[in-house]
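A short worksheet on the structure shown next.
The values are calculated or read from the model by the stated rules, or taken from the named source; none is laboratory data. The model shown is predicted, which means the values in this text are computed figures rather than measured ones. Here Cβ is always computed from backbone atoms with ideal geometry, including for glycine, and neighbour counts include all displayed protein chains.
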Amino acid sequence: MLTRVPQLLSKDQVRHFRQVLEQTPWVDGKVTAGAQSAVAKHNLQVPEDAPQARELGQIILGALGRNEAFVSAALPMRVFPPLFNRYEPGMGFKAHVDNAVRFAPGLVRMRTDVSSTLFLSEPDEYDGGELVIEDTYGEHRVKFEAGDLVVYPATSLHRVEPVTRGARWASFFWSQSMVRDEGQRRTLYDLDRAIQDIRAEVSDAHHGVITLTGVYHNLLRRWGEM
Ligand code: NI
């Protein structure tokens, strides 16, 4: 399941991010790649410990915590500090699956269940650079507006098409979910959305709404690890 979170950041925030990132030193993106993906990866990244990455990362984490669509889709237990990357003409990232385990600063070990990409360039600023995510339904080509976020299972094979003009700026990060199994996470997401749809039509005191909300929480209790 691929979820679009529109305007996680406002256009003003995106402008601020771009201004800060323009002043930031960039390094070869292979620094955070595993052995297989180092061969596939060709881009630029802000070093993980750069103060700019920390500052902007905090803004993203704050926005994620307040965003119902992200929380519903990812059911996050931990979010890895956001990283920043940039693809210029000739750069891309061939098909790979992200590492299963990450060590966050301070050496907290986390499992990557959910991957996210936050677009920081408008689609007309570059050619190519689509994020292509494969699942059992085929390939999904993603190129969203600046400020939009895409959330997808970290188990997916994915790639970034080569950029042929302009530059593609983004932030990316992983979450460990309270619900490890993708099918269970999807079921909870569908149930949550259905409950919201029904609540818009009938009173919150409707017995069916109360029962379904209880079912949601009881499934989360059954499937979640906290
Ligand atoms: Ni990746």
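Of note:
- Of all the listed residues (Ala146, Ala167), the sole one being surrounded by fewer than 17 Cβ atoms within 10 Å (Cβ to Cβ), in contact (Cβ under 8 Å) with a residue 60 or more places away in the chain, in the same structural domain as Gly57 (by TED's automatic domain parsing) and of a type in the set (A, V, I, L, M, F, W, C) is Ala167.
- The residues of the range 168-183 that are touching a helix residue (DSSP H, G or I) at 6+ places or on another chain (Cβ under 6 Å) and in a loop (DSSP other than H, G, I, E, B) amount to a single one, Val179.
- Test: residue in the range 127-136 that is under 26 Å from Val14 (Cβ atoms), away from the ligand (no atom under 15 Å from the Cβ), assigned by TED's automatic domain parsing to the domain that holds Leu56 and at pLDDT 95 or above: yes
- Of residues in the range 149-162 being part of a strand (DSSP E or B) and either of a type in the set (S, T, N, Q) or within 13 Å of the ligand (Cβ to nearest atom) (or both), the one surrounded by the most Cβ atoms within 10 Å (Cβ to Cβ): Val160
- Scanning the range 98-109 for residues that are crowded, with 16+ Cβ neighbours inside 10 Å and at pLDDT 95 or above returns no hits.
- Of residues in the range 80-106 being of a type in the set (A, V, I, L, M, F, W, C) and without any contact (Cβ under 8 Å) to a residue 12 or more places away in the chain, the one farthest from the ligand (Cβ to nearest atom): Phe103
- Filter result for Arg141 (in the same structural domain as Gly65 (by TED's automatic domain parsing), outside any helix (DSSP H, G or I) and touching a helix residue (DSSP H, G or I) at 6+ places or on another chain (Cβ under 9 Å)): no
- Odd one out for Pro47, checked against (1) within 16 Å of the ligand (Cβ to nearest atom); (2) without any contact (Cβ under 8 Å) to a residue 24 or more places away in the chain: (1)
- Residues in the range 115-137 that are without any contact (Cβ under 8 Å) to a residue 60 or more places away in the chain, under 23 Å from Ala74 (Cβ atoms) and not hydroxyl-bearing (Ser, Thr, Tyr) were compared, and the one that is surrounded by the fewest Cβ atoms within 10 Å (Cβ to Cβ) is Glu134.
- Verdict on Ala74 being within 13 Å of the ligand (Cβ to nearest atom), at pLDDT 95 or above and out of contact with any Gly (no Cβ under 7 Å at 6 or more places or on another chain): no
- For the range 184-226, residues that are more than 20 Å from Val79 (Cα to Cα) and either assigned by TED's automatic domain parsing to the domain that holds Val79 or part of a helix (DSSP H, G or I) (or both) total 28.
- Residues that are within 15 Å of the ligand (Cβ to nearest atom) and over 13 Å from the mean Cα position of the chain (by Cα) within the range 163-202 comprise just one, Arg168.
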